[in-house]
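Have a look at the structure below before the remarks.
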Amino acid sequence: MRSVFIVEDEEIEREALIKILREQYSDRITIRGFADRGDSALSRIRELNPDIVLLDIHLPGFSGLETARRLREDGIQASIVIVTAYSRFEYAQEAIKLGAVDYIVKPYSLRTLDQTIAKVLAACNERLPAESGPQTPVERARAYIESNFSGELNLDEIAHIAGMSKYHLSRSFRAELDVGVKEYQNRCRIEQAERLIQDGLNVA
């Protein structure tokens, strides 16, 4: 499960995007938060550390591009998607220089959004090997469970990702998180079900 932060100053468009993400991608993405200004978005993203940032260009405070630039200067490696009503080449060029994963122009189709979501999730997954060095085996196992909890996971599979035997993973996982591996997967499922219920969606 990947987390996303939305930066959009138009309330109607922001709420529409939130609704689409919750209805279409709730098995892969959870919404960590949102902001309607570039300057306030910076502090919130630093605090919440989301995997993905959907970022409008024309914002009060800092522009979207300036926000992206400052995030990169802070060392924040979230996958950034620029979402804008303006298709100017220089905007797209600057977004690429800042390492944005994609650049989509409003109004966009669901097909375009699907393609962007697929691209940004792939980018998140590609970052995992680079980040796995300083991660502990338990952190790797936890991240894998959170990204794949809706499937049928088994302990051998999770232990392989963690890089340790399933016996040692079980002991270490419970020691660090005070919960078993299977219990943690069930907890992720329950939390997702609660989010769906709150949004009035079908838990099944």
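Every read-out reported here was derived from the displayed coordinates using simple, explicitly stated rules and does not represent laboratory data. Just so we're clear, the structure is a prediction, and the values are computed from it rather than from any experiment. When we count neighbours, we look across all protein chains shown, and the Cβ atoms used for this are built from the backbone with ideal geometry, even at glycine.
Computed quantities for the displayed model
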quantity	calculated
Of the chymotrypsin sites (Phe, Trp or Tyr not before Pro) in segment 1-93, those whose Cβ has at most 16 other Cβ within 10 Å and which sit in DSSP loop	86
Positive minus negative residues near residue 172 (Lys, Arg vs Asp, Glu; Cβ under 13 Å)	+2
Simple Cβ-charge dipole of the chain, Lys/Arg +1 and Asp/Glu -1, about Cα centre, in debye nearest 20	440 debye
Pair residue 20, residue 146: separation of 7 Å Cα→Cβ label points (nm)	2.6 nm
Calculated from backbone phi, Karplus (6.51, -1.76, 1.60) coupling profile of segment 95-102 in Hz, x at Gly/Pro	4, 5, 4, 7, x, 5, 6, 7
Two-site label geometry, residue 126 and residue 93: point separation in nm, points 7 Å out along Cα→Cβ	2.3 nm
³J(HN,Hα) computed for each position of segment 47-60 - Karplus, 6.51 cos²θ - 1.76 cosθ + 1.60, integer Hz, glycine/proline x	6, 8, 6, x, 6, 10, 10, 9, 10, 6, 8, 8, 9, x
Amide H contacts of residue 29 (H built 1.01 Å from N, under 5 Å, at least 5 apart or other chain)	2
For segment 143-201, the spread of Cα positions along each principal axis, largest first, Å	41, 21, 14
Distance between modelled label sites at residue 114 and residue 189, nm, 7 Å Cα→Cβ extension	2.7 nm
Segment 1-98, relative contact order [Cα under 8 Å, separation at least 6], %	29 percent
Long-range HN-HN contacts of residue 106 with modeled amide H, under 5 Å	84, 85, 86
Those lysines that a straight Cα-Cα span of less than 23 Å connects to residue 19, excepting residues fewer than 8 apart in one chain	106, 119
